[in-house]
Amino acid sequence: MRRVKTGIPGFDELVNGGIPERNVVLLSGGPGTGKTIFAQQFLWNGLQMNESGVYVALEEHPAQIRQNMLQFGWNVKPYEEKNMFALVDAFSSGIGKAKEYERYIVQDITDLNEFVDVVREAVMAVNAKRVVVDSVTTLYIDKPSVARKIVLTLKRVFAGLGTTSIFVSQISVGERGFGGPGVEHGVDGIVRLDLDEINGELKRSLIVWKMRGTSHSMKRHEFEITDKGIRVFPDRIVKL
């Protein structure tokens with residue numbers, strides 16, 4: 001079993017050393033739970049391990065993403081120049097300066113074939129080992145009936161290209177699921193991030209709901225967001 005280490009302090013211990021290679025993991029959570037930070041940290045740590053990556057931006061402008069990552073000290077520009085990192089712009093539709101600065105642009109995200117073609121081009125160009133789609137919910141939020149088809153299509157593409165992938169999934173505050181039955185059953189792993197009020201205090205926690213191909217912790221663990229990213233505490237169990 002080959003594993004991909006996330007490099008996120010404390011997390012790899014929960015999945016017996018890392019995510020099984022080629023797995024597609026659904027990273028689910030409500031607003032403010034740290035999903036995007038987790039996903040970006042996964043890519044950044046990969047770059048530090050000499051593993052190239054692709055970030056598919058569906059909800060933020062690529063320029064804003066680079067700036068947000070820089071706040072944690074994660075400067076991806078040199079890696080873009082070295083052809084180790086690619087940012088796919090599926091947000092701006094090429095409007096404005098993005099057309100001048102971005103190399104990989106999805107003009108119409110409702111066209112799944114175009115979306116897959118652009119993402120595949122980016123993955124192959126940098127020989128990516130890690131891919132993040134943030135957020136996959138954007139692709140089917142107004143057409144939930146095709147959610148499973150979209151997720152399985154992307155899963156086949158990424159597994160075929162040999163990448164280990166994280167699909168960020170948005171849920172509403174208080175929602176019990178992970179992003180829809182079609183999505184939940186179409187992925188190899190599910191990690192849920194939560195922000196709950198416990199005894200008058202907001203606490204962050206995560207739980208590995210499933211992870212195909214490996215044993216994993218069955219407990220809910222506390223984590224925090226620092227100026228260096230996410231840190232998980234395997235020995236701190238949170239009871240809701």
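The values are calculated or read from the model by the stated rules, or taken from the named source; none is laboratory data. Computed from a predicted structure; not experimentally measured. Here Cβ is always computed from backbone atoms with ideal geometry, including for glycine, and neighbour counts include all displayed protein chains. Surface accessibility is based on the protein's heavy atoms, side chains included, excluding ligands, DNA and RNA. Shrake-Rupley method; radii C 1.70, N 1.55, O 1.52, S 1.80 Å.
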Completion exercise
Over segment 15-40, the set of residues open to solvent by less than 10 Å² (accessible area, probe 1.4 Å) and either among the polar types (S, T, N, Q) or touching a Pro at 6+ places or on another chain (Cβ under 7 Å) (or both) is Ser28, Thr33, Gln40
Completion exercise
Only one of (1) farther than 22 Å from Ile37 by Cα; (2) open to solvent by 10 Å² or more (accessible area, probe 1.4 Å); (3) touching a strand residue (DSSP E or B) at 6+ places or on another chain (Cβ under 9 Å) does not apply to Val106, and that is (2)
Exercise for the section: Output yes when any residue across segment 68-76 is closer than 23 Å to Phe115 by Cα, surrounded by fewer than 21 Cβ atoms within 10 Å (Cβ to Cβ) and out of contact with any helix residue (DSSP H, G or I) (no Cβ under 9 Å at 6 or more places or on another chain), and no when none is. Expected result: no
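Each row is one residue, and each column tells you yes or no for (1) in contact with a Gly (Cβ under 9 Å, 6 or more places away or on another chain); (2) among the β-branched types (Val, Ile, Thr); (3) modelled with pLDDT under 95.
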residue	(1), (2), (3)
Val131	yes, yes, no
Thr137	yes, yes, yes
Gly162	no, no, no
Gly182	no, no, yes
Gly189	yes, no, no
Arg192	yes, no, no
Glu197	no, no, yes
Arg220	no, no, no
Completion exercise
The lone condition Thr6 fails out of (1) more than 13 Å from Ser165 (Cα to Cα); (2) under 12 Å from the mean Cα position of the chain (by Cα); (3) without any contact (Cβ under 8 Å) to a residue 40 or more places away in the chain is (1)
Handout entry: Close pairs (7 angstrom Cβ cut-off, 6 or more residues apart or separate chains): open to solvent by less than 50 Å² (accessible area, probe 1.4 Å) and of a type in the set (Gly, Ala, Ser) in segment 147-166, assigned to a helix (DSSP H, G or I) and modelled with pLDDT under 90 anywhere
Key = Ala147/Gly182; Ala147/Val183
Handout entry: Any hit, segment 139-150, residues being out of contact with any Gly (no Cβ under 6 Å at 6 or more places or on another chain), closer than 28 Å to Leu47 by Cα and not in a helix (DSSP H, G or I)
Key = no
Exercise for the section: Take Ile166 and decide whether it is more than 21 Å from Arg22 (Cα to Cα) and touching a strand residue (DSSP E or B) at 6+ places or on another chain (Cβ under 8 Å). Expected result: no
Practice task
Answer yes or no: is there a residue in segment 120-142 that is farther than 22 Å from Asn23 by Cβ, touching a helix residue (DSSP H, G or I) at 6+ places or on another chain (Cβ under 6 Å) and open to solvent by less than 40 Å² (accessible area, probe 1.4 Å).
Solution key: no
Problem - From the options Ile141, Ile171, residue that is among the hydrophobic types (A, V, I, L, M, F, W, C) and without any contact (Cβ under 8 Å) to a residue 60 or more places away in the chain - result: Ile141
